[in-house]
Structures are given as C-alpha cells and as structure tokens.
Amino acid sequence: MADKLHVDIVTVEGRRYKGDADFVVAPGSEGELGVLPRHIPLLTPLAPGSVKVRNDGEEQFFFVSGGFLEVRPDQVTVLADSAERADDIDEARAEEARRRAESLLQQKLSDADQAAATTALARAEARLRLAELRRRRRV
Amino acid sequence: MQAVAASKLRRVQARAEAARPYADRMAEVLTEVASRSTGSSHPFLTERPIKKRLLILVTADRGLAGGLNVNAIRVALTYVRQGEETVLDTIGRKGRDYFRRLGVPIIAEVSQTGDRPELKDILPAVTVARDEFLAGNVDQVALVHTHFVSVARLVPTVSILIPVQVPERKEGMRVDYLYEPEPEEVLARLLPRYVEAQVYAAVLDNLASFYAAQTIAMRNATDNAGELIDDLTMLRNKVRQATITKELSEIVGGAEALAAG
C-alpha cells in the first residue's frame, strides 16, 4: 500500500475535513508549500488562501483565512481560523464592547438599585437552600 | 420546557464536542513549541506580581436555571472582594447585570450570543482582555465559567488565562519541528489563538451547563407543581365531602323537625 497522509482540517467551531491524502498544498506564511508523505515535521502559520487536498486524483479545496499547519511524517493538521475573522473587524468589535460597558456604567446607579441587587442575590440563595433542604427531606 | 431544555442540551453538547479537536491539537502544538523556546520572553508567558486582575465572567443570558448563574457570580464575588483590585469583562447578561448594580467596573461586555455562539461573537471580550494585559493595565486574566461534568454536577470553575499556563507534556509525544519562521514568532502567533480557543470552549461548556441546570430546574418545577396539584385535589375533595355531609345533616335535621312537629 502506498504511503498516505492523514489530513485533519479543524477550526474552533468544528472539524471541516478528516481523511487520507496523497498530497496537500497549503498557503504558508512564508510561501505556498506542498506536502507529500514522509515530510519532515514542520510547523508554520498560514496566510489566507486555499488548502488543496489531493487523494486518488480527486482534489478538494478549503478556504482558510489564516491559522497553522502542522506536519508530521504521516499526518497533516490544519488549525484553521474561521473564515470571517479579520483583525480590523475584531478591533472595531472590541471597541464596541468596551463602549457598551462604559455606557452601562454611566447610567446612574442609585443606592436603591444596589440594594435591589444584593437582596436579589440573597433571595436567590435562600431559595436555593430551601430547594436543597426539600430535596434532602424527600429522599 | 423541561423537554425543550433537555433537547437543547443535547445539541449544545454536540457543539462543544465539535470544538474539541481544535482545542486538543492546539494544546499539543503549543506544548511542543513552548518547550522548544524556553526562556522565551513573550509577555503572555511572563508572570508578574498581581496588583490588578481582570476576570472574564461567563454566565447565561437567561435565568430559570436554578443556582447556575448565582453560583458563578458568587465565585467571581470572592475575587472581587479579595485584596487585589479586580475589573470585569462579562460574557452573558446575568453576570453583567449583577456586577453593574454592584458598581464593580466592567470594562467590556458581550451578551446575547444565543445557542450557536461563534468565535467572532466572543472575540471582542477576549481582545479587550488581551489588550489590557499587554498594556500593563492588569497583571492577570482569569476566567470564571460553569463546567459541565454531568447533568447532576455543574461546577463553577476558575482558570488562569493570561499568563498562559502551558499544558504539561504528555509522555512520548516529543516532535522536533522545523519552524518557519522562527519558533518565537510561531509561538507569538499561537498564544493569542490558544487563549481565544480556551474562552470559546468555556462559553460552550457554560451553555451546556445552562441547559443542564434548566432541565433540572424545570423537572423540579414540574414535580413541585404535581405535588401541589395532589394537595389541592385532596383539599377540594375534603371540602366537597364536608359540604355534602353538612347539607345532608341539615336536610335530615329539618325533616326530623317537621315530622316531630
């Protein structure tokens, strides 16, 4: 049996591909690279582009917006960033989250509100204790 | 609602499971790289004395989940009341609302991420935390969420996010990679992703805990309502019986009085 690569393409949200391949091409950050079975172990970040997986003459493409490529002699793992991410979008979103928190704080908080929060917690705790007690008694 | 929560729990669990391969591989790779570049001076790996801490608090957006949110909030509260100054970064409405009313500074918040949170939904919270750490505003970033062990065991958990705690190397997985570019640079790119993946995993874990807690809360509610119904039915029957008995005795009494007259 000819040598095969076990290919695993995963993103944070789930696995995109798992299977054998004869040849993989990936957009490394230092340039495109092709991987054949028995490649030496390699670890490199990926640039946005497509990963090509060839198996028995059939080719499949996966778009990645970045991530990492881990190569072992019989195994290729692509830790892909999900396609939507882009650093400028992230920064804008982060700014928004920060602003939201600030505007929440600026809405004046009266002592009454604080007291309400504390009582709400105390009430919830009391309820929990009660539930616990009841459950124990029933058993 | 119990059935709804139970079926949602299954779906959310599947999603948490789907995120596992990435997290596992990421941890493996990070361990390898970190062991290669020991003495690396990347800020994410440098411990410094803790004067100020940032706590990322993961709670649910909704209630009706028993003690789930309260328990996580209580854990966060012990940190807030400890010596070091603490600021919050909240994911989820419950935690945000509580600490907001308490007047604890919240520097970023993300909520309403729904049942299918994507990485990009929670990234803002992570980005703010990372920036605060890199700017030297906080000396540690910790994460509080409720860990799902089983439906009956939901554990509020605290983990230290930054400085990054590199996982222990497992036996026999040593691999000498060829790095492209330098190991330090690869590491510098890996670390932020690793932190993001950890927070994302925590959010999914918390979501599973939420539906588990809701399933239990709803089952208890159903049981309690059933008991109440039994009690009330019993009471109704007693009252009816008493009324009938009273009316009967009045009729009999009346008839006897007539007969005697």
> Does segment B:35-48 contain at least one residue that is within 13 Å of another protein chain (Cβ to nearest Cβ) and open to solvent by 10 Å² or more (accessible area, probe 1.4 Å)?
Replying inline: yes
> Which one is nearest to B:ALA23 (Cα to Cα), of the residues in segment B:181-192 that are within 7 Å of chain A (Cβ to nearest Cβ) and out of contact with any helix residue (DSSP H, G or I) (no Cβ under 8 Å at 6 or more places or on another chain)?
Replying inline: B:ARG189
>> Quick check on my filter: what residues within segment B:71-111 are open to solvent by 20 Å² or more (accessible area, probe 1.4 Å), within 17 Å of the chain's Cα centre (by Cα) and among the hydrophobic types (A, V, I, L, M, F, W, C)?
In response: B:VAL75
> Of all residues in segment A:1-27 being among the small types (Gly, Ala, Ser) and open to solvent by 10 Å² or more (accessible area, probe 1.4 Å), which is modelled with the lowest pLDDT?
Replying inline: A:ALA2
> Are any residues in segment B:66-97 closer than 23 Å to B:ALA221 by Cβ and either touching a helix residue (DSSP H, G or I) at 6+ places or on another chain (Cβ under 6 Å) or more than 9 Å from chain A (Cβ to nearest Cβ) (or both), and if so, which ones?
Replying inline: B:GLY66, B:GLY67, B:LEU68, B:ASN69, B:VAL70, B:ALA72, B:ILE73, B:GLY92, B:ARG93, B:LYS94
>> Between A:VAL71, A:VAL10, which is touching a Lys or Arg at 6+ places or on another chain (Cβ under 7 Å), assigned to a strand (DSSP E or B) and β-branched (Val, Ile, Thr)?
In response: A:VAL10
>> With out of contact with any His (no Cβ under 6 Å at 6 or more places or on another chain) and at pLDDT 95 or above as the only criterion, which of B:ARG236, B:ARG219 stands out?
In response: B:ARG236
> When residues of segment A:47-68 are filtered for being part of a strand (DSSP E or B) and more than 10 Å from chain B (Cβ to nearest Cβ), how many remain?
Replying inline: 14
> Looking at this structure, is B:ARG169 over 14 Å from the mean Cα position of the chain (by Cα) and more than 14 Å from chain A (Cβ to nearest Cβ)?
Replying inline: yes
>> Can you tell me how many residues within segment B:20-34 are under 30 Å from B:ILE107 (Cα atoms) and open to solvent by less than 10 Å² (accessible area, probe 1.4 Å)?
In response: 3
> With B:VAL141, B:VAL151 as the choices, which residue is in contact with an Asp or Glu (Cβ under 8 Å, 6 or more places away or on another chain) and touching a residue at least 40 places away in the same chain (Cβ under 8 Å)?
Replying inline: B:VAL141
> Residues B:VAL138, B:VAL203, B:VAL239: which one is under 30 Å from B:ARG36 (Cα atoms) and among the hydrophobic types (A, V, I, L, M, F, W, C)?
Replying inline: B:VAL138
>> Which of the numbered conditions does B:ASP24 fail, given that it passes all the others? Conditions: (1) modelled with pLDDT of 85 or more; (2) more than 30 Å from A:GLN75 (Cβ to Cβ).
In response: (2)
>> Test of understanding: among A:LEU79, A:LEU33, which residue is touching a residue at least 40 places away in the same chain (Cβ under 8 Å) and within 14 Å of another protein chain (Cβ to nearest Cβ)?
In response: A:LEU79
>> If I filter segment B:200-223 down to residues being open to solvent by less than 10 Å² (accessible area, probe 1.4 Å) and facing chain A (nearest Cβ under 10 Å), which single residue comes out as farthest from B:ASP24 (Cα to Cα)?
In response: B:LEU204
> Which pairs do you get when a residue that is more than 24 Å from B:GLN198 (Cα to Cα), found in segment A:1-26, comes within reach of a residue that is of a type in the set (Asp, Glu), reach meaning Cβ atoms under 6 angstrom, with the pair 6+ apart or on two chains?
Replying inline: A:LYS4/A:ASP20
>> Please go through segment B:107-145 and give me each residue that is within 11 Å of chain A (Cβ to nearest Cβ), part of a strand (DSSP E or B) and in contact with a Phe, Trp or Tyr (Cβ under 6 Å, 6 or more places away or on another chain), ordered by number.
In response: none
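The values are calculated or read from the model by the stated rules, or taken from the named source; none is laboratory data. In this text, all values refer to a predicted model and were calculated from it rather than measured experimentally. Please note: Cβ atoms are built from the backbone with ideal geometry, for glycine as well, and neighbour counts cover all protein chains shown. Only protein heavy atoms, including side chains, enter the accessible area calculation; ligands, DNA and RNA are left aside. Shrake-Rupley method; radii C 1.70, N 1.55, O 1.52, S 1.80 Å.
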